[in-house]
Amino acid sequence: MAVYLTRDQVETIALNNPISFLDSIKCPAGNVVHQSGTGIFILRGRSTSPCARFARYKLDFTGNIAIPTGGAITPIATGILVNGEVWQGSRSIFTPAAVETYGAVESVATIDVPIGCCFTISVEYISGIVGDPTAVPTPTISVIDGSLDIERIA
């Protein structure tokens, strides 16, 4: 299992941009490729048996998010993106009562990477507004104490 952490200070993330991570425990097998300090990861579909058709990974992001001073109170969310698209079911929404009020979020995804392929993944600040096309999300959020666990499970 590989573990990646956010900085131990507040980081401001713009809407539709990735959260950056530092390496804590790198993947020793080379299945996860990441440049420390960035928010982009590459998952490699490497075979562990001659009959394998895919490599299955479990991704689990946990962190604390808030709306910074000056932002509008709206629902805010994180999500796991796979090849640039939000992975179904990975959106985690939090609606703070006031600015600078942190709440914990968790985004989880199980991803099958075909053998011989690579998928690009990231954890991003995405709109938490659902069902109201006229609502405008706050342009940035604050993130602190985040952790992304990436485990190859098959």
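Summary of computed values
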quantity	calculated
Entry for Rg and Dmax of the Cα atoms in Å (calculated from the structure that is shown) out of [x] 16.0, 56; [y] 21.4, 70; [z] 15.6, 46	[x]
Selection from Ser47, Tyr57, Pro28, by position along the positive dipole direction of segment 15-154 (Cβ)	Ser47
Residue exposure sequence - Leu15, Leu43 - by fewest surrounding Cβ within 10 Å	Leu15, Leu43
Protection proxy ranking, peptides 118-130, 80-92, average beta carbon neighbours within 10 Å, highest first	118-130, 80-92
Rounded to the nearest 20 debye, dipole of the chain from Cβ charges on Lys, Arg, Asp, Glu	620 debye
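Every read-out reported here was derived from the displayed coordinates using simple, explicitly stated rules and does not represent laboratory data. Fair warning: this is a prediction, and the values are worked out from it, not measured in the lab. Every residue, glycine among them, receives a Cβ derived from its backbone with ideal geometry; neighbour counts consider all protein chains shown.
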